[in-house]
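Heads up, the thing below is written out as C-alpha cells.
The values are calculated or read from the model by the stated rules, or taken from the named source; none is laboratory data. Keep in mind it's a predicted model, so treat the numbers as computed, not measured. Cβ coordinates were reconstructed from backbone atoms using ideal geometry, including for glycine residues, and neighbour counts include every protein chain displayed.
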Amino acid sequence: MGTRRRVAERRSTKKPAVIGGTIALVVAGAGVGVYALYGGGAAADDRTTPTAASADEKAVKTGPLSATEVTTAARTFLTAWQQGKVTTAAAATNDSTAATALLTGYTKDAHIEDVTLTAGARTGDKVPFTVKGTVSYKGTSKPLTYGSSLTVVRDAEDGKPYVDWHSAVVHPDLADGDTLVTGESGTPPVKALDRDGGEITTAEYPSLGTTLDGLREKYGKIAGGKAGIELRVIRGKASKAKDLSDETVLELSEGTPGTVETTLDPELQAAAEAEVAKKANSSVVLLRPSTGEILAAANASHGFNTAFQGSLAPGSTMKVITSSLLIEKGLASADEAHPCPKYFTYGGWKFQNDDKFQIKGGTFKTSFARSCNTAFISQAPELADDDLTRQAQEVFGLSMDNWAIGVPSMDGSVPVQSDAQMAASLIGQGGVRMNPLNMASVSATIQTGVFRQPYLVSPDVDNRTLATASRTMSAATVSQLRELMSYTAAYGTAAEAMSGVTGDVGAKTGSAEVDGQQKPNGWFTAYRDDLAGAGVVQAGGHGGETAGPIVADLLKLGAP
C-alpha cells in the first residue's frame with residue numbers, strides 16, 4: 001500500500017498497515033446507526049507502553065491493534081454507511097476515493113435503501129457483518145440480505161486504525177473495480193438445454209453456475225428472450241481481463257428467457273458433478289473426439305470455472321505434445337532405445353526424475369510410461385526455442401487465443417522460451433499453462449489424429465468460426481502416440497486408475513510443482529473410444545492417484 005495523500009483529511013490511497021487485535025466482541029445494530037459494544041477483557045488488551053515524543057510532535061502509535069481500536073474503526077464505518085453518510089464512512093477507510101465511489105453507487109446505481117448493518121463477533125482484526133436492505137427500482141422492490149466482513153489495519157504514517165478498503169467489503173461477490181447496478185438487465189435470461197432437451201439448472205448441476213452466466217452473456221440477446229429487472233455485479237477491467245462474467249445477485253422481476261441448446265450430456269454431467277464432489281479443488285472435462293462436442297464439465301469449487309478457464313502448469317501430461325514433437329523430428333521413437341538418466345543439466349538447471357529414478361537400456365515407450373523427465377529434457381539441446389510453441393499451435397490448435405466454445409475459456413499457453421525455461425516447458429512446467437478442457441482436447445487429437453476445437457454450443461447457433469490447426473500429424477506419428485498412451489494406460493503410471501476401462505484406451509498422468517504449495521497439482525488425461533477427458537486436482541498430489549480415478553470413472557460410462 002502506498003503513501004497517504006491528505007486532501008481535507010480524506011484518504012485516497014491505501015497505506016502501509018500493521019494488523020493485530022486478540023479479544024472477541026459482538027457489535028449489534030439497533031435502529032439507524034446505533035451500536036452496542038461488548039469487549040470482554042478489552043481494558044487489559046488496551047494497555048499500551050508510552051512512547052517518547054518531542055514537545056512539538058506526538059509519536060505515531062505502532063504495534064498490534066487493540067480490541068477497542070478494531071471495534072471503534074468498524075463501528076465508525078458501519079454506522080456512517082448505515083446512516084447514508086458516505087463521506088464519513090469513506091474517511092474511515094484507507095482508500096476514501098474508491099470507497100466514496102462504490103458507496104455512492106450502492107444507493108444511486110444499485111438502488112439499495114433502508115440498510116441495516118449488524119456486526120458479528122470480532123476475530124482478531126476482522127469483523128463480520130450482516131447487511132439487510134431493500135432493492136427498489138421503478139415501483140418494484142425486493143428484500144436483500146447477505147453477509148460480508150471488514151478488516152481493520154493500522155496506518156504506518158499516522159498510526160490510526162482504518163478499514164482496509166476492498167470492494168468485497170460492500171458485497172463479497174465484488175472484486176476491486178466491479179460495481180453493483182440495478183435495472184433492466186441488459187441481457188435477457190436464457191434457458192439452457194442439454195443435448196436431450198432437458199433444462200440445465202444449478203440446482204441439479206451446482207458447478208455450472210459460471211457456465212450458465214457465460215451462456216446468458218453470449219446468447220441472451222439473440223436467443224429470443226426479454227430482459228427482467230435485476231441487481232447485478234458489473235465487472236470492471238481487472239475482472240474482464242480474467243474473463244469473469246457479470247453476475248446476478250438478486251432478481252426483482254423475471255424476464256422471459258430465450259432458449260440455448262448445449263452439447264452437455266445429462267448422464268455424464270451428473271456423473272462429473274458427483275466425481276468432483278468427492279475431491280476438493282478438482283475439475284474435469286469430457287468431450288467427443290469425433291466432433292469436439294463438450295459432454296460434461298464440472299468443478300468442485302463453484303466460484304471459478306477452472307475446467308474451462310484455469311491457467312495451470314499441466315506437468316507431465318504435456319509430454320503428449322512434446323512426444324509428438326520429438327517423434328516428428330526423429331529424436332525419439334516408441335520402441336527405440338532412449339536415455340533416462342537420474343539427472344540432466346540444461347541452461348544452468350539440474351533436472352531430475354521423481355525419486356531420482358533412472359532407466360537403463362529402456363525404450364522411449366518405457367520412459368513415457370514411467371514419466372521420465374530427463375528423457376525429454378535430454379532432447380532440449382536439439383530443439384529450437386519456438387519448436388514446442390509451434391507444435392502446440394500447428395497440430396493441437398492451442399495457444400492462439402482463438403477458441404470460441406460458446407462461453408469464456410482459455411485455450412492454453414505455450415510461450416516461446418529459452419534455456420532452462422524451454423527445457424522445463426517440455427515436461428509441462430516453466431511458462432506452459434493449461435486447463436482440463438485443453439488437455440481433454442489433446443487426448444482427443446491423439447485419438448482421432450485431427451484437432452477439432454471443443455465447443456459447448458453449436459457454431460450453427462450464431463455462425464461463429466471455430467479454431468483450426470494448420471496441419472495434421474502423419475499416420476505413423478499418430479500411431480506411435482497412441483501406442484505410448486495405450487502402454488501407459490496398461491502398464492505405466494496410469495495403469496491403476498485405468499484398470500477396468502476397456503476398449504480403445506490411452507492415458508497420461510502428470511504432477512505439476514507449484515511454488516509455495518506442499519503437494520503438486522495432480523493431472524490426468526485419457527481417451528476411451530469416442531470419449532476423451534482430462535482432470536486436475538489442485539494440491540492433490542500425483543495425478544494417477546487423484547485426478548486419474550475421476551477421469552477413469554467417467555470414461556467407464558462410455559461415450560453416449
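Scanning region 94-142 for residues that are of a type outside the set (S, T, Y) and out of contact with any strand residue (DSSP E or B) (no Cβ under 6 Å at 6 or more places or on another chain) yields D95, A98, A101, L102, L103, K108, G124, K138, G139. Put simply, of T123, T100, T134 the only residue that is under 24 Å from T68 (Cβ atoms), surrounded by fewer than 20 Cβ atoms within 10 Å (Cβ to Cβ) and not charged (D, E, K, R) is T123.
Residues that are part of a strand (DSSP E or B) and among the hydroxyl-bearing types (S, T, Y) within region 486-524 comprise T509, S511, listed in sequence order. Go through region 272-289 and report how many residues are closer than 15 Å to V536 by Cβ and either touching a His at 6+ places or on another chain (Cβ under 9 Å) or of a type outside the set (G, A, S) (or both). Of the residues in that region, 8 qualify.
Screening region 1-117 for helices (runs of 4 or more DSSP H) wholly inside it with 1 or more residues that are at pLDDT 50 or above, in the same structural domain as V153 (by TED's automatic domain parsing) and in contact with a Lys or Arg (Cβ under 7 Å, 6 or more places away or on another chain) returns the ranges 67-82, 86-91, 96-108. Confirm whether T477 is of a type in the set (S, T, N, Q), not in a loop (DSSP other than H, G, I, E, B) and not assigned by TED's automatic domain parsing to the domain that holds A223. Answer is yes for this residue. Of the residues making up region 218-235, not a single one is in contact with a Lys or Arg (Cβ under 7 Å, 6 or more places away or on another chain), surrounded by fewer than 21 Cβ atoms within 10 Å (Cβ to Cβ), in contact (Cβ under 8 Å) with a residue 40 or more places away in the chain and not aliphatic (A, V, I, L, M). When we screen V407, V395, V432 for residues that are closer than 30 Å to A223 by Cβ and either buried (at least 17 other Cβ atoms within 10 Å of the Cβ) or assigned by TED's automatic domain parsing to the domain that holds V505 (or both), the only hit is V407.
Suppose the filter is under 30 Å from K218 (Cα atoms) and assigned to a helix (DSSP H, G or I); does T445 pass it?
In short, yes.
Considering region 169-254, the qualifying strands (runs of 3 or more DSSP E), each wholly inside and each with 1 or more residues that are touching a helix residue (DSSP H, G or I) at 6+ places or on another chain (Cβ under 8 Å), run over 179-184, 190-193, 247-253. Every listed requirement among (1) over 20 Å from the mean Cα position of the chain (by Cα); (2) part of a helix (DSSP H, G or I) is met by T345 save one, (2).
Let's see how each residue does on (1) in a strand (DSSP E or B); (2) within 29 Å of S333 (Cβ to Cβ); (3) under 27 Å from the mean Cα position of the chain (by Cα):
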residue: L484; (1), (2), (3): no, yes, no
residue: A526; (1), (2), (3): yes, yes, yes
residue: G535; (1), (2), (3): yes, no, yes
residue: A539; (1), (2), (3): no, no, yes
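Residues in region 234-243: is at least one closer than 15 Å to T202 by Cα and not small (G, A, S)? So far as region 234-243 goes, no, none of its residues is closer than 15 Å to T202 by Cα and not small (G, A, S).
Restricted to region 467-523, and to residues that are surrounded by fewer than 17 Cβ atoms within 10 Å (Cβ to Cβ), touching a Lys or Arg at 6+ places or on another chain (Cβ under 9 Å) and of a type outside the set (G, A, S), which residue is farthest from D401 (Cα to Cα)? So, considering only residues that are surrounded by fewer than 17 Cβ atoms within 10 Å (Cβ to Cβ), touching a Lys or Arg at 6+ places or on another chain (Cβ under 9 Å) and of a type outside the set (G, A, S), the one farthest from D401 (Cα to Cα) is T502.
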